[in-house]
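Let me begin by presenting the structure, written as structure tokens, before commenting on it.
Readers should treat all values here as calculations from the given coordinates under stated rules, not as data from a laboratory. Model, not experiment: these values are computed from the prediction. Cβ placement follows ideal geometry from the backbone for every residue including glycine, while neighbour counts extend to all protein chains displayed.
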Amino acid sequence: MKISGKTQVYGILGYPVKHSLSPVFQNASFEYFSVDAVYVPFEVEPKNFNTAFLGLKALGVKGVNITLPFKERALELCDLLDEHAKQIGAVNTVKFENQIEGYNTDWIGFLKALKDLEGDIKNKKVLVLGAGGTSKAVFYALSKEGCYVYVWNRTIQKALELAERFSLHVVGNPEDVLDDVDIIVNTTSVGLSERDPHLFDYEKIRENHTVFDVIYKRTPLLEKALEKGAKAQDGLIMLLYQGIESFRIWTNMEVPLSVVKESLSSYILN
Ligand code: ATR
């Protein structure tokens, strides 16, 4: 890629952001369409977020993704919000026009990745583990699809706080509803480390369960699901689909999943 005086700048704001895969596949997407643009990581200390965010517009940056821990703060600073971002309460995609436009594409990424695995999910019963930041996009997508959603969270109060807004059925123990659900979604950070506890007895996963983990790797939960013959998927495809959707918001162009996937596999292999 050659940078010139006309090169447009895009990026991602987060803290930390060094391990983000978005710069890899978003730059591959610009290259695929021969767009003169570059996508760069911006690691911003929380105390500097407002200055950095508003400074992007002053610098003529065209668009950014927002990741942890800034998705709620970004929402506050946008002039316009799409309906989904408003309902989820978080912005992961920003387009800088005359006004600052905030979008959420996490829910689309989740829905597309889940549908690739499961097909139609209308009226399915789902158990969501976790009620943190990532969960809101998941709850929104599932309730939009008409799923019956159970939620379990270590701190039950957080689940109760979101229950009415997203029509959730709060459970005190995941195992109480395992036999009743078609799909299990992990939105907690449990499984990132080998030393993490198990969220329930994973031996109870059945072959006809579908297990989706938003973590980008094969967690013990996913390992056990595969061992049991269940369908299982990690969060990488979800990340790619949310990125494809952000790219479409910025450029009006839709990059094929195969292109972004390939950019990443060569990156990971290297
Ligand atoms: P994110 O924005 O990535 O979702 P978060 O808002 O900190 O991050 O949420 C992390 C989620 O993982 C929460 O649901 C959290 O449960 P609590 O609300 O009880 O903190 C969950 N989590 C983290 N560690 C956990 C553990 N050891 N056991 C169960 N849940 C855990």
Query - Local electrostatic count at E203 - Lys and Arg +1, Asp and Glu -1, tallied over other residues with Cβ under 14 Å - result: -2
Report summary line: D (µm²/s, integer) via Stokes-Einstein for the range 1-154, Kirkwood Rh across alpha-carbon pairs, 25 °C, 0.890 mPa s: value 146 µm²/s
Requested in this report: Determine the sum of side-chain charges near K217: Lys and Arg each +1, Asp and Glu each -1, restricted to other residues whose C-beta is under 13 angstrom from that of K217.
Outcome: -4
Report task. Using only the C-alpha atoms of the chain, find the volume of their convex hull and express it per residue in Å³. Result -> 137 Å³
Report task. Under 24 Å Cα to Cα from K124, which lysines show up? Leave out anything in the same chain fewer than 8 places away. Result -> K112, K115, K136, K144, K158, K204, K224, K228, K231
Query raised in the report: At a Förster radius of 25 Å, what calculated FRET efficiency corresponds to the Cβ-Cβ distance of R165 and D120, to the nearest 0.05?
Result: 0.50
Query - Debye, to nearest 20: dipole size of the chain, +1 on Lys, Arg Cβ, -1 on Asp, Glu Cβ - result: 520 debye
Report summary line: Expected unfolding gain across N173-S265 under the 0.36 nm per residue rule, minus the alpha-carbon gap, is 29.4 nm
Query raised in the report: With each pseudo-label sitting 7 Å past Cα toward Cβ, what's the E43-Q157 distance in nm, one decimal?
Result: 3.3 nm
Query raised in the report: Once amide H atoms are placed 1.01 Å from N in the peptide plane, what residues at a sequence separation of 5 or more from I215, or on another chain, have their amide H within under 5 Å of its amide H?
Result: G235
**Report entry** Counted charge near E45, where neighbours are those whose Cβ lies closer than 14 Å (Asp, Glu -1; Lys, Arg +1)
**Finding:** +2
Query - Q8 paired with E194, simple spin-label distance in nm, labels 7 Å along Cα-to-beta-carbon - result: 4.5 nm
Report task. Could you check the simple spin-label distance between E223 and N252, using points 7 Å along Cα→Cβ, in nm with one decimal? Result -> 4.9 nm
Query raised in the report: When all C-alpha to C-alpha distances in the range 186-270 are sorted into bins of 10 Å, what percent of pairs does each bin hold, rounded to whole numbers?
Result: 17, 38, 29, 15, 2
Query raised in the report: Which of the peptides 140-151, 46-57 is most tightly packed, and how do the rest follow, judged by the mean count of other Cβ atoms within 10 Å per residue?
Result: 140-151, 46-57
